[in-house]
Structures are given as C-alpha cells and as structure tokens.
Amino acid sequence: TRSSRPQRMLAHVKRHAARGDPQSVIDAIDYFCRHKEWAMNVGDEKGTILDSVVCEVSPGAVLELGTYCGYSTMRIARLLAPGARLITLEFNPANAAVARQVIAWAGLEHKVQLVEGSSGDLIPQMREKFGIDSFDLVFLDHWKDWYLPDTRLMEELGLLHKGSVLLADNVICPGAPEYLAYVRSSPRYDSRYFKSHLEYTYVEDGLEKSVFPGASAGSRP
Ligand SMILES: O=C(NC/C=C/[C@H]1O[C@@H](n2cnc3cncnc32)[C@H](O)[C@@H]1O)c1cc([N+](=O)[O-])cc(O)c1O
Ligand SMILES: [Mg+2]
C-alpha cells in the first residue's frame with residue numbers, strides 16, 4: 001500500500017538529517033513541509049515561540065498532548081535540563097511509530113516518554129503509572145475540541161500547580177474557541193496570545209500561553 005505522509009517525512013529525515021543532531025532533524029522536517037508536503041507540525045515560526053517558553057519555564061516535568069510525528073517533542077526535549085522529563089501522548093499507533101523513529105534519529109529518546117493512548121484515558125493515570133505529581137508545562141496540540149475538557153481534567157486531578165504554564169497551538173487556525181474563552185475569562189489563568197502564522201503558511205495563527213496562578217485564585221474571598 002502507498003506510504004503515508006508521516007512515513008514519507010521520516011524517510012526524508014533519514015536521508016537528510018544527521019543522527020544524534022536534533023536541529024538537523026527539525027530542519028529536515030521543516031524543509032520537507034515547506035518544499036515537499038505540508039504537514040501539521042507546529043513549524044519553525046511558532047516553534048521559536050515554543051522554544052522561548054520552554055527556556056523561560058525551564059520545566060522539570062512537561063506533558064505534550066498530540067505527538068503526531070514528534071517535531072514539537074524534539075523542540076521541547078532538546079531544551080530540557082538533565083533529569084527533566086517529557087511525557088507525550090499519541091493515540092494513533094502509526095503516528096506513534098513514526099514519532100518514535102524521528103525522536104530516536106535525533107538521539108532524544110532518553111529524554112522522552114511517548115505513551116500510546118488517548119489523553120482522556122492517560123491523564124488520570126499520570127500519578128500512579130508515571131509518578132508525576134504535577135506538570136510545570138503542558139503543550140496542547142491534539143484535537144482542538146479536546147483542549148478544554150483535558151484542561152479541566154488536569155485541574156480537577158491537581159496536576160497543575162501555582163505557576164504551571166499551558167501553551168496551546170492553533171488557537172486561531174483551526175481554532176479552539178471554547179478553550180480560548182475559558183482561559184481568557186477564568187480568574188484562574190493569566191493568559192497571553194502570541195501572534196504568529198499557521199505552520200509553513202501566511203495564514204494567521206498563534207499560541208496562547210496561560211499561567212495557572214493556583215487553585216486558590218478565583219475562589220471566593
Ligand atoms: O488538527 C490538528 N491537530 C490535531 C493533532 C492530532 C494529533 O494528535 C493525536 N491526538 C489527537 N487527539 C488525541 C488525544 N490523545 C492522544 N493523541 C491525540 C492524533 O492522533 C494526531 O497525531 C492541526 C490542524 C492544523 N491545520 O492547519 O488543519 C494545524 C495544526 O497545527 C494542527 O495541530
Ligand atoms: Mg498544531
């Protein structure tokens with residue numbers, strides 16, 4: 001059967017990127033998506049915003065929702081301090097298989113825990129199965145109408161602490177209107193929009209960075 005776009009992307013990485021060199025893998029994927037086949041990686045322009053937030057937070061524990069081919073997984077993992085942990089969730093086994101190989105080609109597999117399954121099922125298992133108490137940074141890039149329910153789930157499970165940062169891709173295109181309305185209106189978040197463009201295009205898109213000031217915020221005085 002015909003190969004998939006993620007498989008063709010992986011083949012391009014193996015042909016053009018140097019093993020153990022995350023930047024060359026990132027650059028190869030950006031080249032592939034810009035000049036051969038568009039794909040829904042966060043991309044280079046929004047990627048630099050992602051990088052700056054990761055460096056600012058310098059997280060000990062990161063959760064990524066929606067691995068896809070592992071592009072943003074690599075962007076985050078390459079900036080993590082020794083001992084910091086990145087857990088990334090992906091429910092499509094074919095995408096997970098490609099992502100594992102992309103992450104391994106970059107030599108970042110020891111920094112990443114790629115877990116196959118749906119966020120709704122796996123988020124409640126973070127403590128018992130992965131020994132995670134709370135996340136310093138969450139990157140939301142999975143199905144857009146799951147951003148809000150998964151955020152509510154993380155709140156209810158106490159997986160966000162004072163200062164935890166939620167960074168959401170695509171809040172304009174394709175858009176996550178309910179999520180955006182929630183984080184921008186809730187007294188529980190200090191939210192800021194980073195204007196950019198949809199990956200590899202001139203269409204407007206952006207990232208929303210929302211800091212969780214703590215469960216006490218927004219409660220009755
Ligand atoms: O639709 C988009 N992203 C959805 C991402 C989906 C990826 O996350 C997984 N997933 C989904 N819910 C999941 C729940 N749990 C685990 N993995 C999950 C899917 O198996 C897929 O690998 C998108 C679309 C455009 N676009 O221009 O159209 C641009 C973008 O940047 C995008 O991110
Ligand atoms: Mg996206």
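The values are calculated or read from the model by the stated rules, or taken from the named source; none is laboratory data. Keep in mind it's a predicted model, so treat the numbers as computed, not measured. Counting neighbours? That spans all protein chains shown, and the Cβs are built from the backbone with ideal geometry, glycine included. For accessibility, only protein heavy atoms count, side chains too; no ligands or nucleic acids. Shrake-Rupley method; radii C 1.70, N 1.55, O 1.52, S 1.80 Å.
For the residue pairs Lys129/Lys209; Lys36/Lys129; Lys111/Lys162; Lys36/Lys144; Lys111/Lys209; Lys111/Lys144, the C-alpha atoms sit more than 31 angstrom apart in Lys36/Lys129.
With springs only between Cα atoms under 10 Å, which of Gly158, Gly70, Gly83 fluctuates most in a Gaussian network model of the chain? Per the Cα network of the chain with a 10 Å cutoff, Gly83 tops the list.
Once the 1.4 Å probe is applied to the protein heavy atoms, the range 64-221 comes out at 43 Å² accessible per residue.
Rounded to the nearest 500, the 222 nm mean residue ellipticity of the chain from helices alone is -12000 deg cm²/dmol, with -39,500 (n - 2.57) taken per DSSP H run of at least 4 residues.
Note on the chain: GNM, Cα springs under 10 Å; of Ile103, Ile49, Ile26, the largest mean-square fluctuation is that of Ile49. So how far, in whole Å, is the C-alpha centre of the range 187-208 from the one of the range 4-68? Going from one Cα centre to the other spans 18 Å. The charge dipole of the chain, taken about the Cα centre with unit charges on the Cβ atoms of Lys, Arg (+1) and Asp, Glu (-1), comes to about 360 debye, rounded to the nearest 20. I want to verify a result. In a Gaussian network model of the chain, Cα cutoff 10 Å, which of these has the top mean-square fluctuation: Ala11, Ala168, Ala106? Result for the chain, Cα springs under 10 Å: Ala11 fluctuates most. Karplus-based coupling profile of the range 86-94, in residue order and whole Hz: 10, 9, 10, 10, 8, 9, 8, x, 5, with θ = phi - 60° in 6.51 cos²θ - 1.76 cosθ + 1.60 and x standing for Gly or Pro. Element breakdown for the chain at a 1.4 angstrom probe: carbon and sulfur atoms account for 54% of the accessible area. Between the helical axis of 22-35 and the longest alpha-carbon principal axis of the chain there is an angle of about 80 degrees. Using θ = phi - 60° in the Karplus curve 6.51 cos²θ - 1.76 cosθ + 1.60, the 3J(HN,Hα) couplings for the range 174-190 round to x, x, 9, x, 5, 4, 4, 4, 5, 5, 7, 9, 6, x, 7, 10, 9 Hz; x is entered for Gly and Pro. Axis angle, to the nearest 10 degrees, between helix 147-156 and the longest C-alpha principal axis of the chain: 50 degrees. Taking other residues whose beta carbon is less than 10 angstrom from the beta carbon of Ala84, and scoring Lys, Arg as +1 and Asp, Glu as -1, yields +1.
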